[in-house]
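Everything on this sheet refers to the single structure shown next.
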Amino acid sequence: MNTPPRLNVEVVAQLVRDVGYEAALELCRMFADDARRRVKHISAMNVSGDIGRMVEDAHSLKSLAYTYGTESLGDRSSLLESTCKSGDAPSARQHAAAIEKHISPSLQLLFDYLEGVQA
């Protein structure tokens with residue numbers, strides 16, 4: 001799955017309306033930090049082959065990604081979660097590697113959108 005990142009701008013716009021730009025920016029920074037930490041953990045588990053331990057991070061990353069509008073990251077995390085739960089190690093490893101490549105462009109898209117809102 002080599003698709004570009006996708007952002008649900010309505011979700012992000014609603015966050016800005018609900019809490020204001022500065023608070024939304026801070027919340028998105030916290031999300032980005034947590035998402036990067038989870039992807040780092042997923043990467044480590046991918047290297048070790050421990051797909052069972054990837055499930056919790058994949059589930060949390062999925063929920064957070066959808067909450068902050070980074071839909072394609074949420075979709076990829078959902079696929080990782082389901083393949084881990086089913087015990088499909090080869091697919092789980094592929095989805096984990098895809099998330100590793102997708103996290104930076106997804107977060108960049110989110111912050112680029114927020115920068116546009118600020119302007």
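Looking across Ala58, Ala65, Ala96, Ala92, one residue alone is in contact (Cβ under 8 Å) with a residue 24 or more places away in the chain, buried (at least 17 other Cβ atoms within 10 Å of the Cβ) and over 12 Å from Ile42 (Cα atoms). It is Ala65.
Among the residues of region 42-55, those identified as under 23 Å from Pro105 (Cα atoms) and more than 13 Å from the chain's Cα centre (by Cα) are Ser43, Ala44, Met45, Asn46, Val47, Met54, Val55. Just one of the numbered conditions (1) in contact (Cβ under 8 Å) with a residue 24 or more places away in the chain; (2) more than 18 Å from Ser91 (Cβ to Cβ) is not true of Asp33: (1).
Looking across region 32-55 at every residue that is of a type in the set (Gly, Ala, Ser) and surrounded by fewer than 22 Cβ atoms within 10 Å (Cβ to Cβ), the one that is nearest to Val16 (Cα to Cα) is identified as Ala32.
Readers should treat all values here as calculations from the given coordinates under stated rules, not as data from a laboratory. All values reported here derive from a predicted model rather than from experimental measurement. We place every Cβ from the backbone using ideal geometry, glycine too, and count neighbours over all the protein chains shown.
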